[in-house]
Amino acid sequence: MTLIDGKKISTQLFSEIHQEVENLNTGGNLQPGLAVVIIGDDPASRIYVNSKVKRANELGIHSFKYELPKTASQDEVLKLIQELNVRADVNGILVQSPPPPGIDEQLINQTINPIKDVDCFNPYNVGKMAIGDETGFLPCTPAGIIVLLKRYSISTEGKHAVILGRSNIVGKPMALLLSSKRVNSTVTICHSRTTNLRKILLDADIIVAAIGKPNFVTADMVKNDVIIIDVGINRIPDPDAKKGYKLVGDVDFAGVSPKASFITPVPGGVGPMTIAMLMYNAVKGCCIQNNVKLPKSLI
């Protein structure tokens, strides 16, 4: 079994992205700018936002953080996005998900200028991804997974990839990328209404688990030499842990890893790649908006 180390690969990517930022600065006097918007005071969201801002600053990407109260109206949020849409120093806009109740997240995604849509939630970029147009953005977590597979030289050609979960953030775009001509897997999407789930999983060469159920995939559900990509991040009580809980994935790591040829840990697998791809998209946005050569494709 080989552990897929997302921390190691993301560190490589951060070095490459930093070089791209330096090239933009020295070659065209350009500095990518990323605006991060958080609505409300959810502690987990604040941690995510602060980590993104910190990483951007470390890479030489100018970060702009906007904190709106949980009482902010839909109009106030949209007004801020519209202002960021026309600012030349902002190349990427990210609104931390999920927003508080009463804020229409779909409308937010539709309002963000597609050329600044670094999360790839705007329907315009989703459509570009669907038809294989690489001039748009790719969603951070699914794209990060493809990069992990590539960097570990994992063969995907003709392999049966089963995705657990059909969310717009991971499941659906993951299916599009895995079935694309760059990857060439044959894809099955499973969800809460799927029958014969165990039978389908036992036929999978690659499993991408993204359903938010701790330790859901067990050893009896996978075949030998399967490739496991665990997107799940779940908190379960652990009295021995400092915080009183521990993080586990959607896959029973202890039970499944002896049967796997490759497997991502939780934490330290897919998570670091999401931020790396966000930073890559910010640099790509700067290139698109200033009509300069795009950074080297990672996929």
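The values are calculated or read from the model by the stated rules, or taken from the named source; none is laboratory data. All values derive from a computational prediction rather than experimental measurement. Every residue, glycine among them, receives a Cβ derived from its backbone with ideal geometry; neighbour counts consider all protein chains shown.
Structure above, values below:
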{"read-out": "Unmet requirement for Pro101, which otherwise passes all of (1) at pLDDT 95 or above; (2) within 19 Å of Leu68 (Cβ to Cβ); (3) over 19 Å from the mean Cα position of the chain (by Cα)", "value": "(1)"}
{"read-out": "Members of region 44-81 found to be more than 22 Å from Gly285 (Cβ to Cβ), loosely packed, with under 13 Cβ neighbours inside 10 Å and within 19 Å of the chain's Cα centre (by Cα), listed by number", "value": "Ala44, Ile47"}
{"read-out": "Considering residues of region 266-299 that are surrounded by fewer than 18 Cβ atoms within 10 Å (Cβ to Cβ), in contact with a Gly (Cβ under 8 Å, 6 or more places away or on another chain) and not β-branched (Val, Ile, Thr) only, the residue nearest to Ile61 (Cα to Cα)", "value": "Asn290"}
{"read-out": "Set Val251, Val283, Val226: member being touching a helix residue (DSSP H, G or I) at 6+ places or on another chain (Cβ under 9 Å), outside the structural domain of Pro214 (by TED's automatic domain parsing) and among the β-branched types (Val, Ile, Thr)", "value": "Val283"}
{"read-out": "Criterion: under 28 Å from Arg55 (Cβ atoms) and touching a residue at least 60 places away in the same chain (Cβ under 8 Å) - qualifying residue of Ala241, Ala260, Ala282", "value": "Ala282"}
{"read-out": "Residue satisfying all of: in region 8-43; of a type in the set (Gly, Ala, Ser) and under 22 Å from Ile81 (Cβ atoms); surrounded by the most Cβ atoms within 10 Å (Cβ to Cβ) among these", "value": "Ala35"}
{"read-out": "Condition met for Gln106 (closer than 16 Å to Asn122 by Cβ and without any contact (Cβ under 8 Å) to a residue 12 or more places away in the chain)", "value": "yes"}
{"read-out": "Every residue from region 207-225 that is in contact with a strand residue (DSSP E or B) (Cβ under 8 Å, 6 or more places away or on another chain), surrounded by fewer than 23 Cβ atoms within 10 Å (Cβ to Cβ) and either hydrophobic (A, V, I, L, M, F, W, C) or at positive phi (or both)", "value": "Ile211, Gly212, Asn215, Phe216, Asp225"}
{"read-out": "Candidates Ile47, Ile38 - the one that is outside any helix (DSSP H, G or I) and not basic (Lys, Arg)", "value": "Ile38"}
{"read-out": "Any chance Met221 is out of contact with any Asp or Glu (no Cβ under 6 Å at 6 or more places or on another chain) and either polar (S, T, N, Q) or over 25 Å from Pro114 (Cβ atoms) (or both)", "value": "yes"}
{"read-out": "Odd one out for Asp250, checked against (1) charged (D, E, K, R); (2) out of contact with any Phe, Trp or Tyr (no Cβ under 7 Å at 6 or more places or on another chain); (3) closer than 23 Å to Ala276 by Cα", "value": "(2)"}
{"read-out": "Failed item in (1) surrounded by fewer than 17 Cβ atoms within 10 Å (Cβ to Cβ); (2) in contact with a strand residue (DSSP E or B) (Cβ under 9 Å, 6 or more places away or on another chain), with Ser192 passing the rest", "value": "(2)"}
{"read-out": "Whichever residue in region 82-96 is in contact with a Ser or Thr (Cβ under 9 Å, 6 or more places away or on another chain) and modelled with pLDDT of 95 or more and, among such residues, is surrounded by the fewest Cβ atoms within 10 Å (Cβ to Cβ)", "value": "Gln82"}
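Residue by residue, here is whether (1) more than 21 Å from Ser155 (Cβ to Cβ); (2) in contact with a Phe, Trp or Tyr (Cβ under 8 Å, 6 or more places away or on another chain) holds:
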| residue | (1), (2) |
| --- | --- |
| Ala204 | no, no |
| Asp230 | no, yes |
| Pro239 | yes, no |
| Lys246 | yes, no |
